[in-house]
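The values are calculated or read from the model by the stated rules, or taken from the named source; none is laboratory data. Note that the coordinates shown come from a computational prediction; the quantities given were computed from them, not determined experimentally. With ideal geometry, Cβ positions are generated from the backbone for all residues, glycine too; neighbour counts draw on all protein chains shown.
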Amino acid sequence: MIKREPAWRVFAQEYRESSLHVASDEEHSPLYVITPLGARVNRVFIVGTLIDVTNYGTEDEPSVRATLADQTGHFYLTTGQYNPEVGFALLRAETPSFLAVIGKAHVYQPEDGVLKKYIRPESVIQVDRETRDRWLVETSKATWERMEAMREAMEMAEPSEKMLRDIGIYPRLAQGVIQAVKHYGEANLNAYAEMLGDVLRYVISQKDLESMLEGDGESLTEQVRQLILSVENNGDILWADLLSAADKEGLDEEKVKDEIDRLLIEGKIFERQIGVRLKIEKDDEFWS
Amino acid sequence: MDEEKVALHVERIRRALEKNGKHVDESEIRKAYLNYLITFGLGERRSEAKVLEDYGITPEPTPTSHEVKLNGLVPDERIKVRGRVISINRAVSSRDGVENTRYYGILKDDTGTAPFNAWENEGLEEIQKGDDIEIDGAYVGEWNGEAQIRITKYSTIRKVELDFEIPDSVGSRGPAEEVKLVSALPGRRIAFTARVLSVEERKINARGEEKTIYSGILADESAKVPFTAWKDFNLIPGDLIKVSGAYVRAWRNTPQINLDDGMDVEKIDADFPDMDELDRGTPMRIWQVEERGGANDALIRATIIQVKPGSGLIFRCPICRWVLQDGVCKKHGKVDGVPDLRIKAVMDDGSGALNLVAGKEVTAAILEKSVEQCVKEAKDSMDRSVVFRQIEELVLAKDFLIRGNVVSDEMSSTMIVTEMTPIEQSPVEIAEELIEEWGV
């Protein structure tokens with residue numbers, strides 16, 4: 001069976017601090033960037049804020065460089081003519097906005113001892129803040145797992161892949177950790193622990209932001225809820241009635257429509273006849 | 001594709017045809033060869049043989065190979081082996097409407113046992129469990145770190161009388177190894193304790209003879225594995241059994257346990273996870289699934305990193321269920337398609353990646369709408385891909401708990417999804433827990 005390369009979860013800091021890359025002996029010789037914690041990166045899954053996009057190509061054949069920032073540093077993205085779709089997608093994206101990128105490790109060695117590392121996106125996906133936050137905690141977990149594996153290896157007199165596998169470390173990571181130990185020596189685990197602490201505290205600090213945003217949302221929801229209850233008749237609501245009531249209340253028509261859309265998606269309200277009639281289930285707790 | 005290699009094979013076919021008095025245009029050979037090689041994905045040798053066959057030429061039988069004992073199999077060697085068939089199974093798969101029959105099982109001699117796997121070899125049709133046979137011109141391959149006898153269509157198989165005794169104990173492997181089910185890999189002979197999660201009686205027709213077999217699922221806390229019992233052990237769901245000397249075979253490359261005469265199957269009473277605890281999907285990571293080549297009722301936490309074409313609203317042939325292309329079925333032509341929903345995607349948990357296929361129910365649950373609603377939306381927007389885009393929006397780059405069975409072939413592993421639910425716990429909560437746990 002051909003195993004697909006997994007998409008490693010790494011923070012920009014760990015990727016940036018890598019100075020080792022290897023080409024495998026297999027066909028097409030895929031490239032691996034070995035990070036100080038032993039991630040054997042051929043493919044990555046990263047999520048961050050797109051902060052900068054420049055097109056060095058043409059409009060039809062974009063060659064794009066972009067910067068994606070996470071809470072620990074920057075990833076540099078490059079695209080070429082072989083995958084113009086990704087270039088177009090990056091050019092379409094707003095800066096700043098949250099993006100998920102699945103891509104391949106790519107390096108450039110201008111001189112000995114200098115290794116510039118890029119990501120060649122295979123696909124880019126617009127995501128929301130929650131997806132970004134989820135990536136931050138999941139990537140923290142993956143980083144911690146590598147730190148644990150590295151800790152084990154550093155305690156072994158002569159660490160080997162087999163010894164690491166025997167204590168339950170998965171094969172790809174065991175291989176990467178041994179390569180990392182040979183190249184980097186001991187990893188600075190304290191520095192990485194500090195990095196994880198910062199990332200996790202950042203995620204928690206989002207809670208305040210969340211309640212601020214939610215607070216705003218709740219009041220509009222409540223206003224629209226009252227509005228609907230004021231015009232409903234046995235659960236039936238005419239769009240025309242609703243909009244004229246909103247107008248009387250001085251509510252923005254677009255905002256009310258957006259809110260109704262949200263309620264439609266949540267299944268709190270149903271559209272009986274598009275643009276004409278809505279329906280609510282009065283048994284639903286939400287309406288009582 | 002390697003142009004030189006193709007030219008070489010085409011030239012070889014041309015010469016072989018010429019030798020048989022057939023003069024065929026090179027471009028025609030090339031077309032036929034590439035059709036098998038690329039369209040059907042056959043190997044180079046197979047494609048070559050297929051073209052020759054099309055012109056009515058049976059490739060020359062291959063020369064005999066050296067005889068070896070089963071404990072001395074070395075990968076890549078061409079061999080002749082003799083032994084007793086301990087188990088033999090038949091599997092039919094179809095690809096692009098072409099049916100392929102595969103036989104696989106376990107062969108045993110006086111030094112050990114080895115799994116065998118045969119494609120397109122009619123010589124095995126007559127062979128039954130317990131037969132003593134000789135296999136000539138097979139290759140030794142490797143599967144899951146174990147030597148495997150690969151029988152090709154050019155291997156010859158015949159029944160023979162063995163001039164050695166087959167020992168009762170299973171050869172050089174010694175006593176069955178006590179394992180957890182997660183380590184039940186094909187080809188192994190194992191001892192284990194497990195609970196019967198389900199069992200059903202099936203009547204099968206074995207060479208005109210009706211036979212009752214019992215199949216179901218065994219589980220311990222490490223994994224779930226399907227089993228087949230060829231005799232009635234009076235198993236009922238909930239039973240805790242201790243088994244010694246069972247064979248693990250591969251079914252669609254996924255481990256399966258065979259219970260048969262000559263094995264100790266004992267019902268016991270012991271401290272063991274109960275039915276509810278076991279019937280939950282076994283939490284696994286993708287690297288473990290990759291190692292095992294498959295999994296039964298696995299529960300994986302992963303991110304969807306790609307939604308593949310063919311996802312969303314599809315239409316199937318009402319007769320054969322094939323997916324229609326522009327309203328046309330490959331077999332039945334223009335038909336009234338039956339709408340269906342499906343997600344084909346790649347999931348990745350950082351340790352590995354797996355394909356997944358989710359059917360109507362799971363897809364409808366993700367979309368929170370029925371097939372009928374999707375058909376309506378597609379009609380309203382005059383665009384079927386509207387559902388594809390909705391799926392992308394709902395699943396791409398998002399994390400799910402995904403449950404199902406994983407089957408593998410030579411190319412890839414695929415989970416057939418039975419449940420797919422978004423991760424509920426908020427990132428903030430997880431972050432708070434992790435800070436506590438790690439002290440960072």
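Within segment B:130-159, restricting attention to residues that are outside any strand (DSSP E or B) and over 22 Å from the mean Cα position of the chain (by Cα), which residue is surrounded by the most Cβ atoms within 10 Å (Cβ to Cβ)? Residue satisfying both the conditions and the ranking: B:155. Which one is nearest to the chain's Cα centre (by Cα), of the residues in segment B:312-348 that are within 24 Å of residue B:289 (Cα to Cα) and away from every other protein chain (no Cβ under 14 Å)? In this case the residue turns out to be B:344. Residues in segment A:21-37: is at least one in contact with a helix residue (DSSP H, G or I) (Cβ under 8 Å, 6 or more places away or on another chain), among the small types (Gly, Ala, Ser) and more than 28 Å from residue B:345 (Cβ to Cβ)? The answer is no; no qualifying residue exists.
Can you tell me which residue within segment A:173-189, out of those that are within 12 Å of chain B (Cβ to nearest Cβ) and surrounded by fewer than 22 Cβ atoms within 10 Å (Cβ to Cβ), is farthest from residue A:13 (Cα to Cα)? In this case the residue turns out to be A:175.
Among all residues of segment B:165-179, there is none that is surrounded by fewer than 17 Cβ atoms within 10 Å (Cβ to Cβ), of a type in the set (D, E, K, R), over 26 Å from the mean Cα position of the chain (by Cα) and modelled with pLDDT of 85 or more.
Of note, residue B:281 satisfies the criterion of being more than 14 Å from every other protein chain (Cβ to nearest Cβ), buried (at least 17 other Cβ atoms within 10 Å of the Cβ) and in contact with a Leu (Cβ under 6 Å, 6 or more places away or on another chain). Report yes if residue B:371 is touching a strand residue (DSSP E or B) at 6+ places or on another chain (Cβ under 6 Å), without any contact (Cβ under 8 Å) to a residue 60 or more places away in the chain, more than 14 Å from every other protein chain (Cβ to nearest Cβ) and of a type outside the set (D, E, K, R), otherwise no. Considered against the rule, which asks whether it is touching a strand residue (DSSP E or B) at 6+ places or on another chain (Cβ under 6 Å), without any contact (Cβ under 8 Å) to a residue 60 or more places away in the chain, more than 14 Å from every other protein chain (Cβ to nearest Cβ) and of a type outside the set (D, E, K, R), residue B:371 comes out as yes. State whether the residues of segment A:92-101 include one that is closer than 15 Å to residue A:66 by Cβ and without any contact (Cβ under 8 Å) to a residue 40 or more places away in the chain. Yes, that holds for at least one residue. I'd like to check something: does segment A:1-15 contain any residue that is surrounded by fewer than 17 Cβ atoms within 10 Å (Cβ to Cβ), more than 24 Å from residue B:349 (Cα to Cα) and either away from chain B (no Cβ under 14 Å) or out of contact with any helix residue (DSSP H, G or I) (no Cβ under 8 Å at 6 or more places or on another chain) (or both)? Checking segment A:1-15: not a single residue is surrounded by fewer than 17 Cβ atoms within 10 Å (Cβ to Cβ), more than 24 Å from residue B:349 (Cα to Cα) and either away from chain B (no Cβ under 14 Å) or out of contact with any helix residue (DSSP H, G or I) (no Cβ under 8 Å at 6 or more places or on another chain) (or both).
Take the residues in segment A:219-235 that are surrounded by 12 or more Cβ atoms within 10 Å (Cβ to Cβ) and under 27 Å from residue B:429 (Cα atoms), then tell me which one is modelled with the highest pLDDT. That would be A:221. Scan segment B:395-407 for residues that are at the interface with chain A (Cβ under 8 Å from one of its Cβ atoms) and out of contact with any Ser or Thr (no Cβ under 7 Å at 6 or more places or on another chain) and the total you get is 1. Checking each residue in segment B:219-241 for being touching a Lys or Arg at 6+ places or on another chain (Cβ under 7 Å) and not in a loop (DSSP other than H, G, I, E, B) picks out B:219, B:240, B:241. Within segment A:28-68, how many residues turn out to be within 18 Å of residue A:18 (Cβ to Cβ) and either among the hydrophobic types (A, V, I, L, M, F, W, C) or assigned to a strand (DSSP E or B) (or both)? Count: 15. Scanning segment A:157-212 for residues that are small (Gly, Ala, Ser) and in a helix (DSSP H, G or I) yields A:174, A:176, A:180, A:191, A:193, A:197, A:205, A:211. In segment A:115-142, the residue that is farthest from the other protein chains (Cβ to nearest Cβ) out of those that are aliphatic (A, V, I, L, M) and within 18 Å of residue A:37 (Cα to Cα) is A:115. Restricting attention to segment A:220-264, the residues that are in contact (Cβ under 8 Å) with a residue 40 or more places away in the chain, charged (D, E, K, R) and outside any helix (DSSP H, G or I) total 2.
Pull out all pairs, ordered by first then second residue, where Cβ-Cβ is under 6 Å, the residues are six or more apart or on different chains, the first lies in segment B:43-57 and is outside any helix (DSSP H, G or I), and the second is surrounded by fewer than 18 Cβ atoms within 10 Å (Cβ to Cβ) and not hydroxyl-bearing (Ser, Thr, Tyr). Once the first residue is outside any helix (DSSP H, G or I) and sits in segment B:43-57, its partners that are surrounded by fewer than 18 Cβ atoms within 10 Å (Cβ to Cβ) and not hydroxyl-bearing (Ser, Thr, Tyr) give B:55/B:22; B:57/B:20. Residue B:388 satisfies every condition listed in (1) within 13 Å of chain A (Cβ to nearest Cβ); (2) over 25 Å from the mean Cα position of the chain (by Cα); (3) modelled with pLDDT of 95 or more except (1). Every residue in segment A:94-128 that is outside any strand (DSSP E or B) and within 18 Å of residue A:54 (Cβ to Cβ), please. Scanning segment A:94-128 gives A:94, A:95, A:96. Could we say that residue B:413 is among the hydroxyl-bearing types (Ser, Thr, Tyr), surrounded by 19 or more Cβ atoms within 10 Å (Cβ to Cβ) and either more than 9 Å from chain A (Cβ to nearest Cβ) or on the phi < 0 side of the Ramachandran plot (or both) here? Criteria met by residue B:413.
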